[in-house]
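One structure is given here, and the rest of the page talks about it.
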Amino acid sequence: MAAEAVKVMIGGSADWGQPVRFDDTTLKTWYEAFLMGRFEVGDGDMHYLKLRIVGIDEIDNDGEVPAGWGSLEFQDRDGDYLRGHTDWYRKEGLDYGTWTLSSGTGKWQGTTGKIELVLHGMPQDLEMEQPPKIASRYFGWLEGAGTLERPS
């Protein structure tokens, strides 16, 4: 398998559950995101996939997310799946993610890879108290790049 470059652009929304206080500086909550995006692989091979992410986010007292993780499940128009996990982190005032792809079905069977992304997002309710005390919805746009290794 040879590594191929991949560019990713994805947008959608995520729901947070009601956060629970973990300690004096951190809350935690579950999230579930529903997104749609494009993978541009190699020299322009385009794949459009829907994505569901389920995970846990840590929230600081300012409402920022310094860390989080989740499970990724992509599905393409043919019904084939690409799966992995995500790790979220905050650096220099921006939200980033690392997607580690580890399995798939159909055309994605045997695919592995790593993609680094930046997340631009905002809450549905721009006036919401921070950190949130209730369940909430967020909208986001992700873009990034990395490599995929797919069986030939």
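The values are calculated or read from the model by the stated rules, or taken from the named source; none is laboratory data. In this text, all values refer to a predicted model and were calculated from it rather than measured experimentally. Note that each Cβ is placed from the backbone with ideal geometry, even for glycine, and that neighbours are counted across all protein chains shown.
Data for the structure
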item: Cross-chain or 6+ apart pairs with Cβ under 6 Å, the range 99-121 first and farther than 23 Å from Tyr89 by Cα, then among the polar types (S, T, N, Q); result: Gly104/Thr111
item: Residue selected from the range 19-53 under the condition of a type in the set (Val, Ile, Thr) and under 28 Å from Ala3 (Cα atoms), by the criterion surrounded by the fewest Cβ atoms within 10 Å (Cβ to Cβ); result: Val41
item: Matching option when the condition is over 21 Å from Ala5 (Cβ atoms) and surrounded by 16 or more Cβ atoms within 10 Å (Cβ to Cβ), among Gly68, Gly97; result: Gly68
item: Residues being at pLDDT below 95 and part of a loop (DSSP other than H, G, I, E, B) - total across the range 19-48; result: 3
item: Single condition Ile134 does not satisfy, out of (1) hydrophobic (A, V, I, L, M, F, W, C); (2) without any contact (Cβ under 8 Å) to a residue 24 or more places away in the chain; (3) out of contact with any strand residue (DSSP E or B) (no Cβ under 7 Å at 6 or more places or on another chain); result: (2)
item: Looking only at the range 75-88, and only at residues there that are surrounded by 15 or more Cβ atoms within 10 Å (Cβ to Cβ) and closer than 17 Å to Gly140 by Cα, the one that is nearest to the chain's Cα centre (by Cα); result: Thr86
item: Set Ile10, Ile56: member being in contact (Cβ under 8 Å) with a residue 60 or more places away in the chain and closer than 16 Å to Asp95 by Cβ; result: Ile10
item: Selection count where residues are in contact with a Lys or Arg (Cβ under 9 Å, 6 or more places away or on another chain) and either hydrophobic (A, V, I, L, M, F, W, C) or surrounded by 15 or more Cβ atoms within 10 Å (Cβ to Cβ) (or both), scope the range 119-130; result: 1
item: Matching residues, the range 1-18, being outside any strand (DSSP E or B) and either surrounded by 15 or more Cβ atoms within 10 Å (Cβ to Cβ) or in contact with a helix residue (DSSP H, G or I) (Cβ under 9 Å, 6 or more places away or on another chain) (or both); result: Gly17
item: Verdict on Gly12 being under 16 Å from the mean Cα position of the chain (by Cα), at positive phi and small (Gly, Ala, Ser); result: yes
item: Tally of residues being under 20 Å from Ser13 (Cα atoms), surrounded by 15 or more Cβ atoms within 10 Å (Cβ to Cβ) and among the charged types (D, E, K, R) across the range 100-118; result: 0
